[in-house]
Structure formats: structure tokens, C-alpha cells
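One structure is given below, encoded as C-alpha cells.
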Amino acid sequence: MPAKKTRLLAVANEKGGVGKTAMVVNLGAAMSAMGKKVLVVDMDPQHNATAGLGVQIREGMTNVYDLISEPGIHDPAAAIIQTPWENLHLLPSHPDLSGAEIELVDEEGRENRLKESVAGVVGNYDFVFIDTPPSLSLLTINVFAMAEEVLVPCQTHPYAYRALEALFDTIEAVKEDINPGLKVAGIVPTFFERRTRVGRDILERLHSDERYSRYVFETPIRVNTAIAASSDAGKPVVFFRRSCNGSRDYMAVAEVLAKGNSGKRKK
């Protein structure tokens, strides 16, 4: 059976608290609800995407740290977990991943460890969403070396908007030195509140900025308490509360991605 045409999407922002992990979990869930086969790869040592998909880390459970720290020893297919939802699979993280940067610092080809470790399984999926740490590190570079596209959640707040410049510079550097095919899939505004002036102003800046405007998705992810409640319950919001604004917003973004489009603003 031929391998699927897989879209490899890193979800990244060098600023924390912008809704990055929620985007990984909920877009993965939304895609699976649309019949797409999805793998979530949790490359954040805080393992929130793992918990957000209802998976508890257990002793002896093979995880992404094992794959990148001992290449060729562990079977990536055996590490992948079927979540409670059809078509939605997880390659879990582990707190030990925080030490990987130090352990791999002198290793040749260290930036390609993730790519090489999962090469045999990613072709089984329509979409692979990769969560990243909220800072630039060797883990993030590993994700960018593997990914084809970067999806950027941007909180509609001045600090998050200003952080975009450093992220885009990093992506350009990775393109030059490691992964020439890497591109930006889009910027998704998050934590949007239309009734606040700062939210409206940042959204307008995103749409008018020469560097970012062509990437901005039309549908922002609105502030919605159900998203936080679903994270606490270990269940994606699209399954936790299907009719809420958060669920509708993530489904709208997923529909754009499923059509092969990016976040270009309509003219």
C-alpha cells in the first residue's frame, strides 16, 4: 500500500502562553473528526499535548525521548499510542526530554534525530502535528528539520505580536542551513476578544504588516473557557463541547488546512 501524502506541520512560537499546545491537540482532533489520519508528536518536555489527549506517562512506556536519545534501538511504531478517538494517534513526550539538548550537543547530525527516528511511520498519516517547546532549543531545531510547514499561533497581545519577528528569523535561518523546503503554513490569531481594543488592534496589525499579512488565517481562535476546561479533562474541545466557540474556531482552521490552503487573507 503506497504511503500517504503527509503534511508535516510544526506548531511553534518562541513565546509561551499563546495557545500552542491547545492548537496541536485541537487541530489534530478536528482533522481526525473529518476522517483524516493524524499523528500528534509531543516534543515539549512539559508533555502537555500528551496529557491533553488523555494519556498518562507510565514507567517503561516508550516515548519520543527514547527514540531520539537511542536511535535505532526503539521501534517508533511501538511507541505510538492510539488515543480514545478514531484516527488520532500520539507519540508521547517525557520530562527527560529536557535533558536531550545537553546529551546531544556533541553528537553528529543531532538536528536530524527526530526526522530520522520517525521516518518509517510518518507516511502512514495524512497530517502530523508536532508540538514544540516555548523557546528556541535543539528540540525546536529538530522539529523544524523534520517539518515541511510551520503553523504559528499568535496571541492577540502586543508581546506575542513582537515575538513573531524572532520566530520568522529563526525559520529563515533553518531554511538556509538545514531545511530549505520549510515554509510558513499560516499565523492563527489566538485568545481573541473582539470587545477589547488591544485584541482588535493586534489583529489589524497582523493583517496589515507586510511580513505577516499573507499568512493570517481569517478565523481567529476566540477566548473560550471550554478550551481550558477540555485541557483539564484531557479531552480535545472538539470532542468535549462540540457546539462551543472554541470547537467551531478550530474546526474552521482545520477545514482551511484540509483543503491544502494556508492562512492567506482574502482580498
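The values are calculated or read from the model by the stated rules, or taken from the named source; none is laboratory data. Here the structure is a predicted model, which means the values were calculated and not measured. Glycine gets a Cβ as well: all are built from the backbone with ideal geometry, and neighbour counts include every protein chain shown.
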- request: Quickly run through segment 227-255 and pick out the residues that are of a type outside the set (Val, Ile, Thr), closer than 20 Å to Leu151 by Cα, in contact (Cβ under 8 Å) with a residue 24 or more places away in the chain and out of contact with any helix residue (DSSP H, G or I) (no Cβ under 6 Å at 6 or more places or on another chain).
  value: Asp249, Ala252, Glu255
query: Of all residues in segment 140-199, which are of a type in the set (Asp, Glu), surrounded by 14 or more Cβ atoms within 10 Å (Cβ to Cβ) and either in contact with an Asp or Glu (Cβ under 6 Å, 6 or more places away or on another chain) or free of Cβ contacts under 8 Å to residues at least 24 places away in the same chain (or both)?
result: none
task: Mind listing whichever residues of segment 65-111 are under 17 Å from Thr140 (Cα atoms) and either among the small types (Gly, Ala, Ser) or in contact (Cβ under 8 Å) with a residue 60 or more places away in the chain (or both)?
output: Ile68, Ser69, Ser93, Ser98, Gly99, Ala100, Gly109, Glu111
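Which of the helices (runs of 4 or more DSSP H) found entirely inside segment 1-80 contain at least 3 residues meeting this: in contact with a strand residue (DSSP E or B) (Cβ under 9 Å, 6 or more places away or on another chain) and not small (Gly, Ala, Ser)?
Numbers: elements: 20-33, 48-52, 64-69, 76-79.
So the answer is 20-33.
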Which listed residue is at pLDDT 95 or above, out of contact with any Leu (no Cβ under 6 Å at 6 or more places or on another chain) and among the acidic types (Asp, Glu), from Asp42, Asp66: Asp42
query: Looking at Met34, is it under 23 Å from Ser117 (Cα atoms), in contact with an Asp or Glu (Cβ under 8 Å, 6 or more places away or on another chain) and of a type outside the set (S, T, N, Q)?
result: no
- prompt: Assuming Gln56 fulfils every condition listed in (1) more than 30 Å from Glu255 (Cβ to Cβ); (2) of a type in the set (S, T, N, Q); (3) in contact with a Lys or Arg (Cβ under 6 Å, 6 or more places away or on another chain) apart from one, which condition is it?
  reply: (3)
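Can you tell me which of Ala30, Ala79 is within 22 Å of Ala145 (Cβ to Cβ) and either at pLDDT 90 or above or crowded, with 24+ Cβ neighbours inside 10 Å (or both)?
Numbers: Ala30 fails: within 22 Å of Ala145 (Cβ to Cβ).
Just one listed residue meets the conditions, Ala79.
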